[in-house]
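Working notes, beginning with the structure itself.
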Amino acid sequence: MIRQIKKFETKLIDQRLAEHRGLIAVCGYDDRVIKNGQFGGEILESVFDSINILGLVYFMPHPLYQGIIEHMAKSVSVLSPQDCETRTFLHDIPVIENFEPELIAKALSRRSGAVFRSGAVIAQGTVTIEQAFIAASSVVHALFINYFIEYWRKRRAGRLTTSDRNHFEHVLEGLFSLPEGNFSLGRGPFDSESVILKEMARAGKAIVDAGLVDSFFGNISYTAEGICYISETGSSLDELKGAIVPVPINGSSSVGLTASSELGAHIGVVEKTGCSSILHGHPKFSVIASMMCEEDGICQHDCYKNCPKLRDLEGIPIVSGEIGAGGLAKTLPARIEKDSGAIVYGHGVFTTGTSDFRKPFDKMIEIERTAREFAIRQCGMV
């Protein structure tokens, strides 16, 4: 239990979700509440008495995220982002007025994560601490995206205040820089299963370290000799050892049952483009840019499922589609090209390569850089 607590405390720091260990509380229940440090005090322990959970994460986010959350939560009781992760996982995000056990328990009894008006984040896991970490990471990811989308919408409607503009400029000044280079990824093609698994694990860790995916969301695959090696559903991309499934692309085996839910999209892309390697991450500005549609608020379609328009971002296709055989498995292969990439509306980026993960990794950074510049321009900033 102590090892798990330290692991996720470290992940919060390494993934720049939090800045100070002294402002992080990671708790687990194992016949009693075990907790790191003093942050949150006995109030967190009392939450375990009120709701049936085994993991709890409470922290003050990195100042960039804290400022965004505090700004958004100051006058509402619930926040409702519209990105894919919120729709499928969070649903909405309660805002807790005060740090009181009854209020915390009430919020976490109906949702996996919540925020406080102070900008702090809290999340629970019914079975593991990892679940709490995933929910906390998803809350930060979703609210960062929602902040930019709401600012863009207010600007389009002519409702921006001086306070809004000043805060937005402050956020832009604090943005993290994008990574450079390929993180020393191996050069392919890879000719053995052992090498494929090693390089997939290396590439998965690289996109997490580069900030191109939040919590465990995202997936990765490499296809060789009719076998699609793909990360398991629910696996953490920075911990892929033992979490990669070999799936025959001809459907001759049922081993794909534990594979990523986007297996169909990966196989469809391989069959259409002839690529070998596919990376899927959730870079924040790519998601933001995909949601900045000229027909926002006008179009009557559920665009995240089936947008009737062919959209692109400076030549990068933007596709719609839900996870599964009836969604991305149909829409993504139709528009993505070999050695290129595509953005999925409100969801993330897929990039492809012919021999290894070097080009897909660099392409994902390139797309995210393009998306950041576009989103900032759309918000009226150069």
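What to note about this one:
- With respect to being under 30 Å from MET292 (Cβ atoms), of a type in the set (Ser, Thr, Tyr) and surrounded by fewer than 22 Cβ atoms within 10 Å (Cβ to Cβ), SER77 fits the description.
- Candidates GLY181, GLY234, GLY256, GLY251, filtered to the one that is within 21 Å of GLY346 (Cα to Cα) and modelled with pLDDT under 90: GLY234
Residue-wise test of (1) of a type in the set (Asp, Glu); (2) within 29 Å of PHE89 (Cα to Cα); (3) part of a loop (DSSP other than H, G, I, E, B).
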residue	(1), (2), (3)
ILE343	no, yes, no
GLY346	no, yes, yes
PHE350	no, yes, no
ASP356	yes, no, yes
MET364	no, yes, no
ALA371	no, yes, no
ALA375	no, yes, no
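- Only a single criterion out of (1) closer than 21 Å to VAL213 by Cα; (2) outside the structural domain of LEU17 (by TED's automatic domain parsing) is not satisfied by ARG187, namely (1).
- Residue list for the stretch 18-46, filter: small (Gly, Ala, Ser) and either outside the structural domain of GLY119 (by TED's automatic domain parsing) or without any contact (Cβ under 8 Å) to a residue 60 or more places away in the chain (or both): ALA18, GLY22, ALA25, GLY37, GLY40, GLY41, SER46
- When the stretch 207-227 is filtered for residues that are of a type in the set (A, V, I, L, M, F, W, C) and either surrounded by fewer than 24 Cβ atoms within 10 Å (Cβ to Cβ) or part of a loop (DSSP other than H, G, I, E, B) (or both), the ones remaining, listed by number, are VAL208, ALA210, LEU212, VAL213, PHE216, PHE217, ALA224, ILE227.
- The stretch 156-181, subset assigned to a helix (DSSP H, G or I) and within 23 Å of the chain's Cα centre (by Cα), residue surrounded by the fewest Cβ atoms within 10 Å (Cβ to Cβ): GLU173
- Evaluation of ASP362 against (1) surrounded by fewer than 21 Cβ atoms within 10 Å (Cβ to Cβ); (2) within 23 Å of CYS293 (Cβ to Cβ); (3) within 22 Å of the chain's Cα centre (by Cα) (one fails), failing number: (2)
- Tabulated pairs, the stretch 196-222, first without any contact (Cβ under 8 Å) to a residue 40 or more places away in the chain and under 16 Å from ALA243 (Cα atoms), second of a type in the set (Gly, Ala, Ser) and buried (at least 24 other Cβ atoms within 10 Å of the Cβ), C-beta under 9 angstrom, 6+ apart or interchain: GLY204/GLY218; GLY204/SER231
- PHE116 falls short of the stated requirement of being under 20 Å from LYS35 (Cα atoms) and of a type outside the set (Asp, Glu).
- Residues in the stretch 108-155 that are in a helix (DSSP H, G or I) and free of Cβ contacts under 8 Å to residues at least 40 places away in the same chain: ARG110, LYS154.
- Residue within the stretch 315-324 that is closer than 15 Å to GLU271 by Cα and modelled with pLDDT under 90 present: no
- Selection within the stretch 259-282 - over 12 Å from PRO360 (Cβ atoms) and either within 18 Å of the chain's Cα centre (by Cα) or aliphatic (A, V, I, L, M) (or both): ALA259, SER260, SER261, GLU262, LEU263, ALA265, ILE267, VAL270, HIS282
- The single residue among ALA135, ALA120 that is in contact with a Lys or Arg (Cβ under 9 Å, 6 or more places away or on another chain), in the same structural domain as HIS91 (by TED's automatic domain parsing) and of a type outside the set (D, E, K, R) turns out to be ALA135.
- Restricting PHE168, PHE183 to residues that are in contact (Cβ under 8 Å) with a residue 60 or more places away in the chain and under 21 Å from PHE374 (Cα atoms) narrows the list to PHE168.
- Looking at THR233, THR162, just one residue is under 26 Å from GLU368 (Cα atoms) and free of Cβ contacts under 8 Å to residues at least 60 places away in the same chain, and that residue is THR233.
The values are calculated or read from the model by the stated rules, or taken from the named source; none is laboratory data. As the structure is a prediction and not an experimental result, all values here were calculated from the model. When we count neighbours, we look across all protein chains shown, and the Cβ atoms used for this are built from the backbone with ideal geometry, even at glycine.
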